[in-house]
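Structure, as structure tokens:
The values are calculated or read from the model by the stated rules, or taken from the named source; none is laboratory data. Because the structure is a prediction, the values reported are computed rather than measured. Neighbour counts run over all protein chains shown; Cβ positions are idealised from the backbone, glycine included.
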Amino acid sequence: MFDKEYLKKIEAEKKRWEETTLKERLAQGKEMRDSFKTDSQIEVNRLYTPLDLEAVGFDYLNDTSWPGEYPFVRGIDPVMYRAAPWVMMQYSGFGSAEETNRRFKFMLSQGASSFAIALDLPTHKALDSDDPVAEGEVGKVGVPIDSLKSLEAIFDGIPLDSIKMFVCVGMSTGPIILALFLSLAEKAGIDPRRFGLFMTNESLMEFACRGTQFTTPAGHFRLSADVVEYCARNYPNFSPLQLCGYHTREAGCTAIQELAFPLANCITYIEEMTRRGLSIDDYAGNFSWFFSSSLELLEEVAKYRAFRKIWANIAKNRFGAKNPKTMHARIMIYTGGSHLTRRQPYINIVRTTIQALSSALAGVQFMNLSSFDEAYQTPTEEGATIAVRTQQILAYETGVTKTVDPLAGSYYVETLTKKIEDAVYDYLQRIENMGGAVKAIEKGFYQSEIAEQAYRYNKEIETKERIKVALNEFLTDQEVKVASLKYDPDAEKKTIAAVKELRKERDNNKVKQALENLRKALKGTENAMPSIIEAMKAYATVGEVGAVIREVYGKYEEGMVRF
Amino acid sequence: MQRAIRILIGKPGLDGHDRGAKLISRVLADAGVEVIYTGKFQTPEQIVAAAIQEDVDGIGLSILSGSHMTMFKRVQDLLREKKAEDIVLFGGGVIMPGDIPKLEQMGVDRIFPPDTPTSKIVEYVKSIPDRKK
């Protein structure tokens, strides 16, 4: 990038600086530690200069290039936020369908452009609210969805096509969620091609982390793949798969692993789609990627830049993508909750601001912010509003949206971007050497790697090698009182009553037939989506469909571990 | 020589987040405690049965899903029913401060909120033989 002679001059000058100015300064007092590392253990030098750009082979035209063009390091859109800020979302859902509906309406009124629907645990695990195992869990971490009737209540007064896009989570419930939304659209007379449903639907990762699976890996993988294929052939406006690094990062892994794990999983899905006769351009442009924005500001910026480049390269050069859209990594982030503290909760607002800032500087497409009170409870209205306001301040008051990829060219950020890129390819190769994502997860590789990093992090906290404000340093005696989220104490009872009522009032013959058809479809090799849709349209419950899936593919059980 | 303290770490209910449970298990094992981690998706019945079978001194429950009032009560009731109340019940997770005294009244010996240094939990577990009735 720089003239060779000029670089030699810089090198000589650097030496001079080290032997004079720096040496004098260090004689007066040492630095805090002998070695500084990023959150992901990458060595951080005292100073970065054009020499470092040279060292990592920085090449503007060939490597970095232009926003909206391969390899998309600078962004997937040529103008980025100058056209519109990222989509401001809020992860919401709790109590009951009615309460969730109210919260959605409130968030939309406060300027959130979209929302991500949080499901409760029984729904994630394809269990009905009145299942004995669901006791105490209904409506706690998200909204209970027992059937199409629940979804109708959640979207009451919110036409599906009135919001450009929204997310419904559920790593294992992908097919059920897809079926529910298609049924809802049909009932409301809305063409499903008029709204952008984003589904998570990535069940492979459940077995490594997160853990809301409800049947065996084989069953889940077949169903996740069925969703991807069905959408590719019928609803290319939907996003049928969201590869996730978020959960593994929250469980403790590094930024490198956070990128490598979902990439390895994605390769498995691509190979499956190829087996099903699809080419990567048929579907992968509709994928999205979900990451956890951490606190190490500049590493996070480099992380997202590196990721875009890696995905573009894999899509184009490994899998032959021709359409630039396929090579775009559409990135959704959540500010990682693991970085927040329980004590002095209001300082979490500062943390989420920095996490969101890194994401804005990196050019992500969608953001969800944690609420300051997440260590206590599902967010209150106050907490959720502050989270949206934080995004609005970043978008409208800081000026970071006025130019594309503002940190490009920074000696440090460009060096980090390259280092992360190299490290991710290396790590990905390790997973490939094991036989790919499925084998690696079966062997417990992801799990043990994640647990190892979580252990290291904890040691750093215990020894104060890592300072965490209001956790191991800068404590106060006062306990801050946080306003409780007012749960309707009868929400679980009401939801249970509603599902029991549903089973009486629907056409049970239709349901029986639909479930029988589903059983047949699952045992066969054809795409199971049409029969899942038929079942949800007939008001089969989530638990009934789950039961058929478990019957055909088996229950998932975990074994005991001795430490 | 006194036998090593035996602890069952359990994840009751549907919550799949096990970073804390696994970390606590390993940190306790580092300190010489014999730890059995049940894995996810355990019912209170399974947890208590395993605790009795493994002849543990204490059960630590990890609950982040908000179902702690239900889960702790069921485990405590089962321990009473099976005449295994000498097994000390403790735990942690995402639990509102207001619920902690209620859980203690129920018979839970100690609740560790998020942010508790793991060294404090090790200290507590090591004191369990002295706390047993």
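Worth pointing out:
- Condition check for A:Ala116: not in a loop (DSSP other than H, G, I, E, B) and not assigned by TED's automatic domain parsing to the domain that holds A:Glu296: no
- Only a single criterion out of (1) over 18 Å from the mean Cα position of the chain (by Cα); (2) not in a helix (DSSP H, G or I) is not satisfied by A:Gly211, namely (1).
- Residue list for segment A:155-192, restricted to those being among the small types (Gly, Ala, Ser), surrounded by fewer than 19 Cβ atoms within 10 Å (Cβ to Cβ) and within 25 Å of the chain's Cα centre (by Cα): A:Ser162
- Annotation note: Cβ proximity below 9 Å between a residue of segment A:439-451 that is on the phi > 0 side of the Ramachandran plot and a residue that is buried (at least 20 other Cβ atoms within 10 Å of the Cβ) (sequence gap 6+ or interchain) occurs for A:Gly444/A:Ala208.
- Residue list for segment B:16-32, restricted to those being within 8 Å of chain A (Cβ to nearest Cβ), in contact (Cβ under 8 Å) with a residue 60 or more places away in the chain and not in a helix (DSSP H, G or I): none
- When A:Gly136, A:Gly111 are checked against the criterion of being surrounded by fewer than 24 Cβ atoms within 10 Å (Cβ to Cβ), facing chain B (nearest Cβ under 10 Å) and not in a helix (DSSP H, G or I), a single residue qualifies: A:Gly136.
- Within segment A:537-563, if we keep just the residues that are away from chain B (no Cβ under 14 Å) and of a type in the set (A, V, I, L, M), the residue that is surrounded by the most Cβ atoms within 10 Å (Cβ to Cβ) turns out to be A:Ala540.
- Test: residue in segment A:487-499 that is polar (S, T, N, Q) and out of contact with any helix residue (DSSP H, G or I) (no Cβ under 6 Å at 6 or more places or on another chain): yes
- Evaluation of A:Thr215 against (1) within 14 Å of chain B (Cβ to nearest Cβ); (2) surrounded by fewer than 24 Cβ atoms within 10 Å (Cβ to Cβ); (3) touching a strand residue (DSSP E or B) at 6+ places or on another chain (Cβ under 7 Å) (one fails), failing number: (3)
- Subset of segment B:2-15 (residues that are in a loop (DSSP other than H, G, I, E, B) and either at positive phi or surrounded by 24 or more Cβ atoms within 10 Å (Cβ to Cβ) (or both)): B:Lys11, B:Gly13, B:Leu14, B:Asp15
- Condition met for A:Tyr457 (part of a helix (DSSP H, G or I), among the hydroxyl-bearing types (Ser, Thr, Tyr) and more than 12 Å from every other protein chain (Cβ to nearest Cβ)): no
- Selection within segment A:443-452 - buried (at least 19 other Cβ atoms within 10 Å of the Cβ) and not small (Gly, Ala, Ser): A:Tyr446, A:Glu449, A:Ile450
- Residue, surrounded by the fewest Cβ atoms within 10 Å (Cβ to Cβ), within segment A:49-69, restricted to residues that are farther than 11 Å from A:Lys418 by Cα and under 30 Å from the mean Cα position of the chain (by Cα): A:Asn62
- Residue selected from segment B:64-79 under the condition among the aliphatic types (A, V, I, L, M), facing chain A (nearest Cβ under 10 Å) and assigned to a helix (DSSP H, G or I), by the criterion surrounded by the most Cβ atoms within 10 Å (Cβ to Cβ): B:Met71
Okay, residues lined up against (1) under 25 Å from A:Glu501 (Cβ atoms); (2) in contact with a strand residue (DSSP E or B) (Cβ under 7 Å, 6 or more places away or on another chain):
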| residue | (1), (2) |
| --- | --- |
| A:Phe104 | yes, yes |
| A:Met107 | no, yes |
| A:Ala126 | yes, no |
| A:Gly139 | yes, no |
| A:Val143 | yes, yes |
| A:Ala153 | yes, no |
| A:Asp156 | yes, no |
| A:Asp161 | no, no |
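- Failed condition for A:Tyr81, given (1) closer than 30 Å to A:Ser150 by Cα; (2) at pLDDT 95 or above; (3) hydroxyl-bearing (Ser, Thr, Tyr): (1)
- The single condition among (1) farther than 27 Å from A:Glu382 by Cα; (2) within 14 Å of another protein chain (Cβ to nearest Cβ); (3) more than 23 Å from the chain's Cα centre (by Cα) that A:Lys149 does not satisfy is (2).
- Boolean, A:Leu416 is in the same structural domain as A:His247 (by TED's automatic domain parsing), farther than 21 Å from A:Tyr246 by Cα and buried (at least 20 other Cβ atoms within 10 Å of the Cβ): no
- Test: residue in segment A:241-254 that is in a loop (DSSP other than H, G, I, E, B), among the aromatic types (Phe, Trp, Tyr) and either under 27 Å from A:Leu178 (Cβ atoms) or free of Cβ contacts under 8 Å to residues at least 60 places away in the same chain (or both): no
- Residue pairs meeting the criteria (Cβ under 9 Å; at least 6 apart or on separate chains; first assigned to a helix (DSSP H, G or I), in segment A:41-61; second β-branched (Val, Ile, Thr) and crowded, with 17+ Cβ neighbours inside 10 Å): A:Asp52/A:Thr415; A:Leu53/A:Thr415; A:Ala55/A:Thr415
- Annotation note: of B:Val88, B:Val56, B:Val48, the sole residue that is of a type outside the set (Lys, Arg), farther than 30 Å from A:Phe372 by Cα and within 13 Å of another protein chain (Cβ to nearest Cβ) is B:Val56.
- Per-region count, segment A:296-333, residues outside any helix (DSSP H, G or I) and either farther than 26 Å from A:Ser370 by Cα or out of contact with any Lys or Arg (no Cβ under 6 Å at 6 or more places or on another chain) (or both): 11
- For segment B:93-111, filtered to residues that are at pLDDT below 95 and not in a helix (DSSP H, G or I), the residue that is farthest from A:Glu462 (Cα to Cα) is B:Gly107.
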